[in-house]
1. Going by what's in this entry, would CYS81 be described as assigned to a loop (DSSP other than H, G, I, E, B), under 30 Å from PRO134 (Cβ atoms) and either under 20 Å from the mean Cα position of the chain (by Cα) or not small (Gly, Ala, Ser) (or both)?
2. Inside segment 84-109, can you point out the residues that are hydrophobic (A, V, I, L, M, F, W, C), in a strand (DSSP E or B) and touching a Phe, Trp or Tyr at 6+ places or on another chain (Cβ under 9 Å)?
3. So LYS118 passes all but one of these: (1) closer than 30 Å to CYS78 by Cβ; (2) surrounded by 14 or more Cβ atoms within 10 Å (Cβ to Cβ). Which condition number does it fail?
4. Are any residues in segment 21-36 surrounded by 14 or more Cβ atoms within 10 Å (Cβ to Cβ) and either at pLDDT 55 or above or hydrophobic (A, V, I, L, M, F, W, C) (or both), and if so, which ones?
Amino acid sequence: MSILIDLRSVIDEGVGASLTVKGTTANTGAEDSGLTQFKLGTIDFCCTTPANYELNFINAGECVQASGKVHVDLSTACVRCLKDFDFSLDAQLEETFFFTACEDEHGEPYPVIDESLKVDIEPLLHEALLVEAPFAPIHDSDCQGLCIKCGTDLNEGDCGCGDEPDANHPFAALKDLV
């Protein structure tokens with residue numbers, strides 16, 4: 001889906017003109033976008049509330065510069081104990097939209113303002129959330145995780161397996177090297 005912002009007023013007013021846009025994905029038709037659920041590596045994130053954003057667009061002559069922030073409440077599974085938990089994510093973002101096609105120093109194209117003088121900010125918001133999302137989300141820094149032998153959640157108590165290594169474990173022979 002797209003979240004289109006009309007930049008006509010910023011462009012018509014000339015260099016230095018600005019436009020501030022505040023919104024939420026609840027009213028944009030972005031229900032099927034990367035702003036409702038997304039994946040980072042093998043971790044799935046589900047948005048529990050619509051994303052709220054505030055962006056400022058400034059006409060810089062040959063381009064329009066955008067900066068702002070996005071906020072969303074997410075749900076995911078803890079990588080240690082696998083329990084679902086909720087958390088908030090705030091991301092800052094910056095982008096430059098050009099009037100003509102051009103590339104950055106790595107050969108990647110910059111976003112272009114189309115003939116209708118509109119830009120799609122959905123990919124910008126999605127990318128900002130991906131950058132700030134935790135690669136290994138943990139619900140609590142003291143999370144003990146799961147027992148590697150029996151799978152018991154160690155946050156709920158000791159499983160009774162003890163510290164004795166499994167004799168069939170591939171690294172069991174290393175215990176004798178100490």
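The values are calculated or read from the model by the stated rules, or taken from the named source; none is laboratory data. Because the structure is predicted, anything quoted here is derived from the model rather than measured. For neighbour counting, all protein chains shown are included, and Cβ atoms are generated from backbone atoms with ideal geometry for every residue, glycine included.
1. Spelling it out, CYS81 is indeed assigned to a loop (DSSP other than H, G, I, E, B), under 30 Å from PRO134 (Cβ atoms) and either under 20 Å from the mean Cα position of the chain (by Cα) or not small (Gly, Ala, Ser) (or both).
2. The answer is LEU89, LEU93, PHE97, PHE98.
3. All conditions pass for LYS118, except number (1).
4. VAL21, GLY23, THR24, THR25, ALA30, SER33, GLY34, LEU35, THR36
Residues are listed down the side, and each one gets a yes or a no for (1) free of Cβ contacts under 8 Å to residues at least 60 places away in the same chain; (2) in contact with a strand residue (DSSP E or B) (Cβ under 6 Å, 6 or more places away or on another chain):
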{"site": "PRO109", "(1), (2)": "yes, yes"}
{"site": "VAL119", "(1), (2)": "no, yes"}
{"site": "ALA133", "(1), (2)": "no, yes"}
{"site": "ILE148", "(1), (2)": "yes, no"}
